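See below for the structure under consideration.
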Amino acid sequence: MEAFMKGIYKNYHANDQKMKNALLELMTEKNGLSNISVCDLVKRAGINRGTFYNHYDSLEEVVESLEDQLTDEVASEWTDCLDFGHADYPSFVDALTNQMKKNEALYSKIVPSIPAYVFKDLKEKLTGIIYKDKNFESDPAIKGNLAIRIVSNGAVALYLDYFMGHKEFSLDQIAEATKFAYTAASK
């Protein structure tokens, strides 16, 4: 019985990954989520509609799952910063930039096709990751500092521009400018 359950679990995750990969391919080919149907996705993923609906209720939920996956990876980078005693904004920017460089192809496919509300949600999740640490909650240079929020929002906008194809600046240049602006704003 246990081997049977492991097989089901393995298939569940394999099918989930097939759907995510198929969606990313289709988003690139069809210029966005609005031009894709569930039928397109299941055909590309090589699964049936029932399998899709066992996982998700809509294509938007697949996108949300991808967003959660990316957010979890960023949160993991932040946790690593905390574990190694680098719990500061510049270290977080470095960790975030490294994560983006590692997943640059994925971000470049998904960012142009995601509705704006997803970015707002992602920004709030990432802000929550930073503020979750007690050291940051008590630091008046960060909590409630309008200048820091402006720096963070500006950085998010530049990262989004980058992944939308406006590559005027590299990811490393954005990270360095963000850290510089943060240092200036927190004085």
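Please determine, by comparing only the residues of segment 49-64 that are in a helix (DSSP H, G or I) and among the charged types (D, E, K, R), which one is farthest from the chain's Cα centre (by Cα).
ARG49
Is at least one residue of segment 80-97 within 16 Å of the chain's Cα centre (by Cα), without any contact (Cβ under 8 Å) to a residue 12 or more places away in the chain, in a helix (DSSP H, G or I) and in the same structural domain as ALA181 (by TED's automatic domain parsing)?
No: segment 80-97 contains no residue that is within 16 Å of the chain's Cα centre (by Cα), without any contact (Cβ under 8 Å) to a residue 12 or more places away in the chain, in a helix (DSSP H, G or I) and in the same structural domain as ALA181 (by TED's automatic domain parsing).
Can you find even one residue in segment 36-48 that is at pLDDT below 80, outside any helix (DSSP H, G or I), outside the structural domain of LEU106 (by TED's automatic domain parsing) and under 23 Å from the mean Cα position of the chain (by Cα)?
no
Any idea how many residues of segment 163-187 are farther than 13 Å from TYR89 by Cα, free of Cβ contacts under 8 Å to residues at least 24 places away in the same chain and either in contact with a Ser or Thr (Cβ under 8 Å, 6 or more places away or on another chain) or surrounded by 12 or more Cβ atoms within 10 Å (Cβ to Cβ) (or both)?
Of the residues in segment 163-187, 3 are farther than 13 Å from TYR89 by Cα, free of Cβ contacts under 8 Å to residues at least 24 places away in the same chain and either in contact with a Ser or Thr (Cβ under 8 Å, 6 or more places away or on another chain) or surrounded by 12 or more Cβ atoms within 10 Å (Cβ to Cβ) (or both).
Sort through GLY50, GLY32 and tell me the only one that's on the phi > 0 side of the Ramachandran plot and either out of contact with any strand residue (DSSP E or B) (no Cβ under 9 Å at 6 or more places or on another chain) or touching a residue at least 12 places away in the same chain (Cβ under 8 Å) (or both).
GLY32
With respect to GLY128, determine if the residue is surrounded by fewer than 16 Cβ atoms within 10 Å (Cβ to Cβ), on the phi > 0 side of the Ramachandran plot and modelled with pLDDT under 65.
no
Those residues that are at pLDDT 75 or above and surrounded by 17 or more Cβ atoms within 10 Å (Cβ to Cβ), I need them from segment 74-95; list them, please.
SER91, PHE92, VAL93, ASP94, ALA95
In segment 135-162, which residues are more than 17 Å from SER91 (Cβ to Cβ), modelled with pLDDT of 80 or more and aliphatic (A, V, I, L, M)?
Correct list: VAL156, ALA157, LEU158, LEU160.
Residues in segment 96-106 that are modelled with pLDDT of 80 or more and either under 11 Å from GLU73 (Cβ atoms) or in contact with a Phe, Trp or Tyr (Cβ under 6 Å, 6 or more places away or on another chain) (or both): how many?
The qualifying residues number 6.
The values are calculated or read from the model by the stated rules, or taken from the named source; none is laboratory data. These numbers were taken from a predicted model, which means no experiment stands behind them. As a convention, Cβ positions derive from the backbone with ideal geometry for all residues, glycine included, and neighbour counts pool all protein chains shown.
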